[in-house]
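A.B. asks: Have a look at the structure that comes next, please.
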Amino acid sequence: MSSKLIGKSYLGELGYCQYPPTMGEEHFNQWKKVEDSLPLGFIPIITSMTGMEEREATNSCYLPQIRLYDPAIAPIFDPQEIYKHCLEGNDFLRPSVDFVVWGPEHKVVGLTFSRDAPIISFTADNGYRAIGTILRPALMTYGDYLFSCMKKAMKSKGKEDILVTLEASIYFEYEEGSIPSIVRKLAVLYGMRLLFEADTKGHPECYHGNEKGNHVVALW
C-alpha cells in the first residue's frame, strides 16, 4: 500500500476540487498537475461526493455513498466526466461516490480531495483498497455504517486484517470529541489497525480554514 498527499507545492493556491465556481476553466490544468504526481501505469479513479443540495438538506448528516469500482461503470469515477456533468448542472442526477472501493485485480489509483474534512483510507491484507472524504456530522452519525460496510466490501475474514488511516483531517477538539478520537473508537469497535497522518492545520501541503484550495490524497 502506498499513499500520497498532493497539495500546495503541486497545486498552488487554487488546489483541486469539482466545484465549477471555484475551478472554472482551470480544472483541466489542475487535474493535469494531480495526474502528473501519480505513479505510472495506474488508472486514476476519483470520488465525487454527495452533492451540495443534499448535504444542505440533511445538515451534512448524509448517508455516505460507498461504490465498488468496476470497469463497466468507470465513467462515474472519471474526473473529466464528473466535472463535465458538474458544469452542466446535472451532477445531482448521477451516482455520487463518497468512498470508492476496489479489489487487487484492478490496477487503479484512488483519489479524493478535501480541505479540513477527514480523508480516510482502508487497506486490507487481501489487497482491497478504499478511500474517501466524509464531513464530520456524517461521520458522527453514520460512522458505524461506513466501517461495517467496509468490513463487508473488503471481504474481511478476521480481526485486524484491515488498516484504517486518517490520511488528512483537522484535529480540532470539538465538544463531542476530535475526528481522530471518533475514528479511533470506530477502529477499535470494528477490529481494525489504525494510523494517523496529516493534521491539516499547520501541515505544509494541506489547505486549511478559509484558504481557497483543497488538497488531494492518492492511494494505490
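A.B. asks: Checking PHE92 against (1) surrounded by 24 or more Cβ atoms within 10 Å (Cβ to Cβ); (2) among the aromatic types (Phe, Trp, Tyr); (3) under 19 Å from THR22 (Cβ atoms), which test does it fail?
C.D. replies: Condition not satisfied by PHE92: (1).
A.B. asks: Does segment 107-131 hold any residues that are surrounded by fewer than 17 Cβ atoms within 10 Å (Cβ to Cβ) and either in contact (Cβ under 8 Å) with a residue 40 or more places away in the chain or closer than 17 Å to GLU53 by Cβ (or both), and which are they? Walk me through it before giving the result.
C.D. replies: At the first step, the residues of segment 107-131 found to be surrounded by fewer than 17 Cβ atoms within 10 Å (Cβ to Cβ) are 107, 125-127.
LYS107, the sole residue that qualifies.
A.B. asks: Restricting attention to segment 61-81, does a residue exist that is in contact (Cβ under 8 Å) with a residue 40 or more places away in the chain, open to solvent by 50 Å² or more (accessible area, probe 1.4 Å) and within 25 Å of MET150 (Cβ to Cβ)?
C.D. replies: yes
Table: residues versus (1) of a type in the set (Gly, Ala, Ser); (2) under 26 Å from LYS201 (Cα atoms); (3) at pLDDT 95 or above.
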position: GLN30; (1), (2), (3): no, yes, yes
position: GLY41; (1), (2), (3): yes, no, yes
position: THR47; (1), (2), (3): no, yes, yes
position: ALA57; (1), (2), (3): yes, no, no
position: ILE66; (1), (2), (3): no, no, yes
position: ALA74; (1), (2), (3): yes, no, yes
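A.B. asks: Now a separate question. Is it the case that some residue within segment 89-106 is more than 28 Å from ILE170 (Cβ to Cβ), modelled with pLDDT under 95 and among the hydrophobic types (A, V, I, L, M, F, W, C)?
C.D. replies: Looking for residues that are more than 28 Å from ILE170 (Cβ to Cβ), modelled with pLDDT under 95 and among the hydrophobic types (A, V, I, L, M, F, W, C), one finds at least one in segment 89-106, hence yes.
A.B. asks: Ok, one more. What are the pairs, 6+ residues apart or on separate chains, where a residue within segment 144-166 that is at positive phi has its Cβ under 8 Å from a residue that is crowded, with 16+ Cβ neighbours inside 10 Å?
C.D. replies: Within 8 Å, the pairs are LYS155/ALA124; LYS155/TYR128; GLU160/MET192.
A.B. asks: Have a look at GLY143, GLY209, GLY158 and point out the one that is farther than 25 Å from SER2 by Cβ, at pLDDT below 95 and either open to solvent by less than 60 Å² (accessible area, probe 1.4 Å) or not in a loop (DSSP other than H, G, I, E, B) (or both). Walk me through it before giving the result.
C.D. replies: On the way: GLY143 fails: at pLDDT below 95; GLY158 fails: farther than 25 Å from SER2 by Cβ.
Selected residue: GLY209, the only one of GLY143, GLY209, GLY158 that is farther than 25 Å from SER2 by Cβ, at pLDDT below 95 and either open to solvent by less than 60 Å² (accessible area, probe 1.4 Å) or not in a loop (DSSP other than H, G, I, E, B) (or both).
A.B. asks: To continue, here is another question. Would you mind listing the helices (runs of 4 or more DSSP H) fully within segment 1-83 where at least 3 residues are farther than 29 Å from PRO137 by Cβ? Steps first, answer last, please.
C.D. replies: Numbers: elements: 8-11, 20-23, 27-36, 52-57.
Hits in segment 1-83: 27-36.
A.B. asks: Shifting gears a bit: State which residue pairs qualify: first residue within 12 Å of GLY213 (Cα to Cα) and in contact (Cβ under 8 Å) with a residue 24 or more places away in the chain and inside segment 19-45, second residue polar (S, T, N, Q) and surrounded by fewer than 16 Cβ atoms within 10 Å (Cβ to Cβ) in any location, beta carbons under 7 Å apart, and separation of 6 or more residues or different chains.
C.D. replies: If the second residue must be polar (S, T, N, Q) and surrounded by fewer than 16 Cβ atoms within 10 Å (Cβ to Cβ), no pairs are left.
A.B. asks: Is segment 166-186 home to any residue that is out of contact with any Lys or Arg (no Cβ under 7 Å at 6 or more places or on another chain), open to solvent by 70 Å² or more (accessible area, probe 1.4 Å), part of a helix (DSSP H, G or I) and modelled with pLDDT of 95 or more?
C.D. replies: Yes, some residue in segment 166-186 is out of contact with any Lys or Arg (no Cβ under 7 Å at 6 or more places or on another chain), open to solvent by 70 Å² or more (accessible area, probe 1.4 Å), part of a helix (DSSP H, G or I) and modelled with pLDDT of 95 or more.
The values are calculated or read from the model by the stated rules, or taken from the named source; none is laboratory data. Just so it is clear, the model here is predicted, and its values are computed rather than measured. Neighbour counts are summed over all protein chains in view; Cβ atoms, including those assigned to glycine, are modelled from backbone coordinates with ideal geometry. Calculation scope for accessible area: heavy atoms of the full protein, side chains included, ligands and nucleic acids excluded. Shrake-Rupley method; radii C 1.70, N 1.55, O 1.52, S 1.80 Å.
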